[in-house]
Amino acid sequence: QVQLVESGGGLVQAGGSLRLSCVASGRTFGTYAMSWFRRAPGKEREFVAAISRGGGSLYYADSVKGRFTISRDNDKNTVYLQMNSLEPEDTAVYYCAAGVTWNYYSDSAYDYWGQGTQVTVSS
């Protein structure tokens, strides 16, 4: 069993930056692919970014490429999402997820989810 706890959300003006963190419990963090998804008000949950177990492969939604960076520190059981040049359209609850999967883009491929952290970008 893995428990995930996100932090780092908040209110920021358009063009600003935030760094989200997700800390995982347990000793098996390095065996999981990790991802970030988000759900905006009235919309379906969507893929944002993912990182392979060792961190060597990164995946991004087109809408965040060049602005967001996912990374992980397996010694700290933590995955990060650095978000720059934020836009009002990035406003959502952001969730981290863990899974033993190569289907990085699909939320159904992940076994464990955090409770989410709210990101609000004002115009």
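The values are calculated or read from the model by the stated rules, or taken from the named source; none is laboratory data. Quick caveat, the model's predicted, so the values are computed rather than measured. Here the Cβ positions follow ideal geometry from the backbone for every residue, glycine too, while neighbour counts run over all protein chains shown. For the accessible areas, the whole protein counts, side chains as well, though only heavy atoms, and no ligand, DNA or RNA atoms are used. Shrake-Rupley method; radii C 1.70, N 1.55, O 1.52, S 1.80 Å.
Determine the pairs where a residue that is surrounded by fewer than 16 Cβ atoms within 10 Å (Cβ to Cβ), located within region 85-113, has a partner that is among the charged types (D, E, K, R) and not in a helix (DSSP H, G or I) with Cβ atoms under 8 Å apart, the partner being 6 or more residues away or on another chain.
If the second residue must be among the charged types (D, E, K, R) and not in a helix (DSSP H, G or I), the pairs left are Ser85/Arg67; Val100/Asp111.
Among the residues of region 68-92, how many are touching an Asp or Glu at 6+ places or on another chain (Cβ under 8 Å) and farther than 21 Å from Asn103 by Cα?
The number of residues fulfilling the criteria is 1.
Taking into account only those residues within region 74-84 that are closer than 19 Å to Val23 by Cβ and not hydroxyl-bearing (Ser, Thr, Tyr), which is surrounded by the most Cβ atoms within 10 Å (Cβ to Cβ)?
Val79
Of all residues in region 25-55, count the ones that are open to solvent by 10 Å² or more (accessible area, probe 1.4 Å), in a strand (DSSP E or B) and either of a type in the set (Lys, Arg) or touching a residue at least 60 places away in the same chain (Cβ under 8 Å) (or both).
Residues meeting the conditions: 4.
Look at region 66-96 and say how many of its residues are assigned to a strand (DSSP E or B) and either more than 18 Å from Gly9 (Cβ to Cβ) or not β-branched (Val, Ile, Thr) (or both). Working first, answer last.
The first filter runs over region 66-96 and keeps only residues assigned to a strand (DSSP E or B), leaving 68-73, 78-83, 92-96.
Subset that is either more than 18 Å from Gly9 (Cβ to Cβ) or not β-branched (Val, Ile, Thr) (or both): 68, 71-73, 80-83, 92, 94-96.
So the answer is 12.
For region 57-65, check the following and say yes or no: at least one residue is open to solvent by less than 60 Å² (accessible area, probe 1.4 Å), part of a loop (DSSP other than H, G, I, E, B) and in contact with a Lys or Arg (Cβ under 7 Å, 6 or more places away or on another chain).
Among the residues of region 57-65, not one is open to solvent by less than 60 Å² (accessible area, probe 1.4 Å), part of a loop (DSSP other than H, G, I, E, B) and in contact with a Lys or Arg (Cβ under 7 Å, 6 or more places away or on another chain), which makes the answer no.
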